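Just so it is clear, none of the values below were taken in a lab; they were calculated from the coordinates. Given the structure is predicted, the values throughout are model-derived calculations rather than measurements. When we count neighbours, we look across all protein chains shown, and the Cβ atoms used for this are built from the backbone with ideal geometry, even at glycine.
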Amino acid sequence: MAALSHALAERYQRATEWCARALQPDQEGQGMVEYALILVLIAIVVIVVLQVVGKQVNNVFSNISNGLSH
């Protein structure tokens, strides 16, 4: 009788573990979304920095070009 109750308890434990894993939210999809958001934020920062620095670099090259032509 003890062996039967042990077997039933073991099966019950396996079934509850399986249900807990099945009901757990998918973590992989959430991680992918987080990485995508980080990449979008980095891209926005890079674009803004390039626009600001690009104008300054253009001015420097224009000044050098004007200085060499005189």
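Things to note:
- Using Cβ point charges alone (K and R +1, D and E -1), the dipole size of the range 2-69 about the Cα centre works out to roughly 140 debye.
- Placing unit charges on the Cβ atoms of the charged side chains and taking the dipole of the range 2-69 about its Cα centre, the candidate lying farthest along the positive direction among Val45, His6, Gln56 is Gln56.
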